[in-house]
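Down below is the structure, laid out as structure tokens.
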Amino acid sequence: MNGLLVLQSDFGLSDGAVAAMEGVALSVDPHLQLYSLTHEIPPFDTYEASYRLLQVVPFWPKGSVFVSVVDPGVGSSRRSCVAKTVTGQYIVTPDNGSLSHIARVIGIESVREISGEERREGSRYTQTFHGRDIYAYTGARLAAGLVTYDYIGPEYDKSEIKMLEMPEASFEDGMIIGTIETLDVRFGSLWTNVSSELFRKLGAKRKDLIDISIYNGERKVHRSFVTLAETFADVEIGESLIYVNSMNHMAVAINQGSFADAYHIGIRNGWKITMELAERR
């Protein structure tokens, strides 16, 4: 292990939950290098936790340990686990869907259930803060090299990992149909599940107009013609664009504005987007 420990949660920073996890980790080994992925995952949103892990994990060195705590089933029969990715990182998390994107896109080499003995001393009588008492503790011991991955607990079949439903985008009769998977949260851009590879089937070129429609369930809530851009500078301030985001998927934005706020667009839960080539400029 390389001593790198990265924390993610839905705890926010308005109370002491994150600092408690950090304190437990540093009590295990004060020389650990602690980092935060994010603590602003919407409460209980395991899909968002899964997505943000995919956004970050591939860019960290082999041997890095991630602790992801979005755990609406805390204290229940759901498994606590450590997954090893095919690229050599480790993810300590409840097995509740948070591994879905990593499993599908990066690949998981193996997964182990955390032993019931692997928890912070003095924590046996509370079952509501496993992020502190099991996940941060176990992740710190693993990152510090105080335990090996094999020691964590028994391996179980990768096919048993809980996977969330993730609809696939499609290309039909010159139209791409996809979903709005998440937002570029701070800037309000729509991040879709349409890969840049699939989008290329439209045959669109830079500065072409793309006819996009957005649906909430069966109801069309927005339609516009947006410019296919390589950078935000390809359009004027306030103009809409479609571009390849950092996840190599298509995103829709307003230059120096929030597309989601401007048109009251949500994510997942029936939010669909279609894309067609409109015309060339």
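The values are calculated or read from the model by the stated rules, or taken from the named source; none is laboratory data. Keep in mind that this is a model prediction, so the values were computed, not measured. FYI the Cβ positions are ideal-geometry reconstructions off the backbone, even for glycines, and counts take in every protein chain you see. Areas reflect the complete protein model, heavy atoms only, side chains present, ligands, DNA and RNA absent. Shrake-Rupley method; radii C 1.70, N 1.55, O 1.52, S 1.80 Å.
Filter region 138-152 down to residues that are in contact with a helix residue (DSSP H, G or I) (Cβ under 9 Å, 6 or more places away or on another chain) and not in a helix (DSSP H, G or I) and give me whichever is surrounded by the fewest Cβ atoms within 10 Å (Cβ to Cβ).
That would be Thr148.
Condition first: among the small types (Gly, Ala, Ser), at pLDDT 95 or above and touching a helix residue (DSSP H, G or I) at 6+ places or on another chain (Cβ under 9 Å). Now tell me which residues in region 234-249 satisfy that. Can you show your working first?
Here is the first cut: in region 234-249, the residues among the small types (Gly, Ala, Ser) are 238, 240, 246.
Checking the rest, the ones that are also at pLDDT 95 or above come to 238, 240.
Correct list: Ser240 only.
Step by step: first the residues of region 58-84, then only those that are assigned to a loop (DSSP other than H, G, I, E, B) and of a type in the set (Gly, Ala, Ser), then the one that is surrounded by the most Cβ atoms within 10 Å (Cβ to Cβ). Which residue is that?
Selected residue: Ser64.
Of all residues in region 47-57, how many are open to solvent by 20 Å² or more (accessible area, probe 1.4 Å) and polar (S, T, N, Q)?
1
Say we look at region 94-118 and pick out the residues that are open to solvent by less than 40 Å² (accessible area, probe 1.4 Å) and among the β-branched types (Val, Ile, Thr); which of these is modelled with the lowest pLDDT? Working first, answer last.
Residues of region 94-118 that are open to solvent by less than 40 Å² (accessible area, probe 1.4 Å), as a first pass: 94-103, 107-108, 110-112, 114, 118.
Retained after the next criterion (residues that are among the β-branched types (Val, Ile, Thr)): 102, 108, 111, 114.
On the way: Ile102: 97, Ile108: 97, Val111: 97, Ile114: 93.
By that ranking, first place goes to Ile114.
Suppose we filter Glu218, Glu236 for residues that are farther than 24 Å from Ser170 by Cβ, over 26 Å from the mean Cα position of the chain (by Cα) and not hydroxyl-bearing (Ser, Thr, Tyr); which single one remains?
On the way: Glu218 fails: farther than 24 Å from Ser170 by Cβ.
Testing whether each residue is farther than 24 Å from Ser170 by Cβ, over 26 Å from the mean Cα position of the chain (by Cα) and not hydroxyl-bearing (Ser, Thr, Tyr) leaves just Glu236.
Pairs, please: C-beta under 6 Å, at least 6 apart or cross-chain, first residue closer than 18 Å to Gly88 by Cβ and in region 147-159, second of a type in the set (D, E, K, R) and open to solvent by less than 100 Å² (accessible area, probe 1.4 Å)?
That search, which allows pairs on different chains as well, returns Val147/Arg141; Ile152/Arg112; Glu155/Arg112.
If you scan region 16-30, which residues turn out to be over 27 Å from Leu54 (Cβ atoms) and either open to solvent by 50 Å² or more (accessible area, probe 1.4 Å) or not in a helix (DSSP H, G or I) (or both)?
Correct list: Gly16, Leu26, Ser27, Asp29, Pro30.
Can you work out which of the residues in region 186-212 that are buried (at least 22 other Cβ atoms within 10 Å of the Cβ) and in contact with a Ser or Thr (Cβ under 7 Å, 6 or more places away or on another chain) is nearest to Ala260 (Cα to Cα)?
Here the residue is Trp191.
Among Val185, Val194, which is β-branched (Val, Ile, Thr) and in contact with a His (Cβ under 8 Å, 6 or more places away or on another chain)? Before the answer, list the steps.
Numbers: Val185 fails: in contact with a His (Cβ under 8 Å, 6 or more places away or on another chain).
Going through Val185, Val194 in turn, just one is β-branched (Val, Ile, Thr) and in contact with a His (Cβ under 8 Å, 6 or more places away or on another chain): Val194.
Hey, any hits in region 216-226 for a residue that's of a type outside the set (Phe, Trp, Tyr), open to solvent by less than 50 Å² (accessible area, probe 1.4 Å) and under 19 Å from Val185 (Cα atoms)?
Narrowing region 216-226 to residues of a type outside the set (Phe, Trp, Tyr): 216-224, 226.
Narrowing further to those that are open to solvent by less than 50 Å² (accessible area, probe 1.4 Å): 217, 221-222, 224, 226.
In the following step, the residues that additionally are under 19 Å from Val185 (Cα atoms) were identified as none.
No: zero hits.
Working only within region 119-137, note down all residues that are open to solvent by less than 10 Å² (accessible area, probe 1.4 Å) and either assigned to a loop (DSSP other than H, G, I, E, B) or free of Cβ contacts under 8 Å to residues at least 60 places away in the same chain (or both).
Ser123
Can you tell me which of Asp157, Asp173 is modelled with pLDDT under 95, more than 28 Å from Gly12 (Cα to Cα), surrounded by fewer than 14 Cβ atoms within 10 Å (Cβ to Cβ) and not β-branched (Val, Ile, Thr)? Quick ask: steps written out before the conclusion?
Working: Asp157 fails: modelled with pLDDT under 95.
Criteria check complete, one pass: Asp173.
Quick one: in region 227-241, which of the residues that are over 17 Å from Glu276 (Cβ atoms) and in contact (Cβ under 8 Å) with a residue 24 or more places away in the chain is most open to solvent (accessible area, probe 1.4 Å)?
Glu230
Of the conditions (1) in contact with a helix residue (DSSP H, G or I) (Cβ under 9 Å, 6 or more places away or on another chain); (2) in contact (Cβ under 8 Å) with a residue 40 or more places away in the chain; (3) farther than 23 Å from Asn193 by Cβ; (4) open to solvent by 10 Å² or more (accessible area, probe 1.4 Å), Gln33 clears all except one; give me its number.
All conditions pass for Gln33, except number (2).
Report yes if Glu118 is in contact with a helix residue (DSSP H, G or I) (Cβ under 6 Å, 6 or more places away or on another chain) and of a type in the set (Asp, Glu), otherwise no. Give the steps one after another, and end with the answer.
Values: in contact with a helix residue (DSSP H, G or I) (Cβ under 6 Å, 6 or more places away or on another chain): yes; of a type in the set (Asp, Glu): yes.
Yes, satisfied.
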